[in-house]
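What follows is a single structure, written as structure tokens, with notes after it.
Where a number appears in this text, it was derived from the coordinates with a stated rule and is not lab data. This is a predicted model, so every value here is computed, not measured. Here the Cβ positions follow ideal geometry from the backbone for every residue, glycine too, while neighbour counts run over all protein chains shown.
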Amino acid sequence: MGMNTGSGQNGLKSEINVTPLVDVVLVLLIIFMVVTPMMSRGKSVSLPPGAPMAEDCCNERPEPFILALTSDKRLFFEEEPEVERSALQFRLRQAMSAEPSRRVVLRADESLQVGDVRTVLHALRFAGARHVLIAMEEPTQH
């Protein structure tokens, strides 16, 4: 609350000073705008439904590599722009040689055919990926 000094009436104003509130809200908005894109890695695809799995809570493992295969059959590795199929195996081999214990999560769109996903799995195998996981949508509990 502030003091009323100009109109001849002495006392406290009953108005809320919203300037600090606006400052705080704008700072929070900026923080959320910066953090939100970092929360999801890889290209966004529509995943097929899957069965629930037990959590792997006891093993401390590094974050896996994310490889996304979109519905139009374009490949995205981590945060990089689109990777050509001819360069995919070289790029995967390069990443896997630097960190061979890291897993690879393949996020393939549900509209793709099995053959499309199989060619990417084949490239992963020849690149030296020992642990490949295929991402699926968690089932909703009714």
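Note on Glu63 and Glu82: their simple-model spin labels are 2.5 nm apart, each label 7 Å out from Cα toward Cβ. In this simple spin-label model, placing a label point 7 Å from the Cα along the Cα-to-Cβ direction at both Val24 and His122 gives a separation of 6.0 nm. Compared with the direct C-alpha span, the chain from Ile134 to Glu99 gains 10.7 nm at full extension, assuming 0.36 nm per residue.
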